[in-house]
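Quick notes on the structure that follows.
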Amino acid sequence: METPKKDIRALSKQQLRDFFTSQGDQSFRGNQVYEWLWSKGAHTFEDMTNLSKATRLMLQEHFVINHIQVDQMQKSDDGTVKNAVRLHDGLVVESVLIPTETRTTACVSSQVGCSLDCNFCATARLKRMRNLEPGEIYDQVVAIDKESRLYYNHPLSNIVFMGMGEPLMNYNNVIKAIEMITSEEGLGMSPKRITVSTSGIPKMIRKMADDEVKFKLAVSLHCAVEEIRNQIMPFSKNFPLTELREALQYWYQKTKSKVTYEYVVWKGINDTKVCIDALVKFCKQVPCKVNLIEYNPIDDGEFQQASQVSIEAYIDALEANGIVAKVRRSRGKDIDAACGQLANKEA
Ligand code: SAH
């Protein structure tokens, strides 16, 4: 059987240069191809017009370009755009463009499905099929940047890794994608405009700190009472809150970058004084802010958004303790593009 061709975007610039030398060609061709692949976003070797026909054919014999294809685009009444992103093997992930008056945020996926099992999240029901390649993450960002320019007349301003998947379970590829997004050969975006959101994997948070990454960190906390968190996010039984807290302290020590906690308040689950007190206490351990996210119903109603009064009780308690708390309204709910709703319904 013929071995499958390798995705050329898995090669670094140096590896591409070496490849050309090994073919008896000049190494600068590697730079040219690299530029086509990343700065110019070529989908095919045919597009690489400053290479000879023979060189393009030679590349085609050895490699493929596993570019994504935006299959379908839905636009919400509030301007949010959801892309169904088809991958080279036919699998589909989703990414979302979220516009405000002054900026556009891309919400991108890091895995097909998700390795974790949060009970309130639609993506968790898909199970993890595979990790996304760096190029597949990068392409989602490029696609949204184009849409942002087209529909909103300005380039993409921010990126959040809050689509499908757990980015820290696909750490190396997420890091490679961010390197391309931030490099001058890629999109040249500032890492300060990128947020990686994790359900809280202590070992990987420490690794990020050791790697001195420059992007921001968000943690889906949802509850600072261990038993309740374990119930709604069962995987977290393996990661006690003490370990998470210590990892976050380590992160702050190394990076001096505040952590954002994402937090949904549910009726009858975490709308109690005990939970509020636990959150305040947890927040005092590491410099942070709290985003109270509106719940986006995904099913039969096991989870329900708590009352306004409960949410205000959270805000009052956090603010009384000097902790910044914001309520985040959902965007794109009508097209199932809001947090926790990405589940390839149309695919
Ligand atoms: N796995 C990462 C990245 C996904 S981010 C993480 O957990 O952080 C998606 C965010 O939406 C997370 O904060 C998640 O907890 C939240 N979320 C999931 N389901 C939701 C729902 N139904 N309504 C509102 N937020 C939800």
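Miscellaneous remarks
- Among the conditions (1) under 24 Å from the mean Cα position of the chain (by Cα); (2) away from the ligand (no atom under 16 Å from the Cβ), P297 misses just one, which is (2).
- Meets criteria (over 26 Å from the mean Cα position of the chain (by Cα) and more than 12 Å from the ligand (Cβ to nearest atom)) for C288: no
- Test: residue in the stretch 67-75 that is out of contact with any Lys or Arg (no Cβ under 8 Å at 6 or more places or on another chain), open to solvent by less than 10 Å² (accessible area, probe 1.4 Å), closer than 28 Å to F45 by Cβ and of a type outside the set (V, I, T): no
- Subset of the stretch 332-347 (residues that are open to solvent by 40 Å² or more (accessible area, probe 1.4 Å) and either more than 11 Å from the ligand (Cβ to nearest atom) or over 19 Å from P99 (Cβ atoms) (or both)): D334, K345, E346, A347
- Residue that is of a type in the set (S, T, N, Q) and within 16 Å of the ligand (Cβ to nearest atom), where the choices are S39, S27, S95, S52: S95
- Tally of residues being of a type in the set (F, W, Y) and either closer than 18 Å to N172 by Cβ or surrounded by 14 or more Cβ atoms within 10 Å (Cβ to Cβ) (or both) across the stretch 1-32: 2
- The set of residues from the stretch 216-236 being within 11 Å of the ligand (Cβ to nearest atom) and part of a helix (DSSP H, G or I) comprises I232, F235, S236.
- Test set (1) open to solvent by 20 Å² or more (accessible area, probe 1.4 Å); (2) more than 14 Å from the ligand (Cβ to nearest atom); (3) in contact (Cβ under 8 Å) with a residue 40 or more places away in the chain - T242 fails condition number: (3)
- Considering the stretch 43-59, the residues that are β-branched (V, I, T) and open to solvent by less than 70 Å² (accessible area, probe 1.4 Å) include one that is nearest to R329 (Cα to Cα), namely T44.
- One residue alone among H62, H88 is over 23 Å from L187 (Cα atoms) and either open to solvent by 20 Å² or more (accessible area, probe 1.4 Å) or in contact (Cβ under 8 Å) with a residue 12 or more places away in the chain (or both), and that residue is H62.
- Residue that is assigned by TED's automatic domain parsing to the domain that holds N119 and open to solvent by less than 70 Å² (accessible area, probe 1.4 Å), where the choices are Q249, Q308: Q249
- Neighbours by Cβ (under 6 Å, 6+ apart or cross-chain): first from the stretch 299-320, more than 14 Å from H222 (Cβ to Cβ) and touching a residue at least 12 places away in the same chain (Cβ under 8 Å); second open to solvent by 30 Å² or more (accessible area, probe 1.4 Å) and basic (K, R): Q304/K267
The values are calculated or read from the model by the stated rules, or taken from the named source; none is laboratory data. Treat the numbers as computed from the prediction; the structure is a model and nothing was measured. FYI the Cβ positions are ideal-geometry reconstructions off the backbone, even for glycines, and counts take in every protein chain you see. Areas reflect the complete protein model, heavy atoms only, side chains present, ligands, DNA and RNA absent. Shrake-Rupley method; radii C 1.70, N 1.55, O 1.52, S 1.80 Å.
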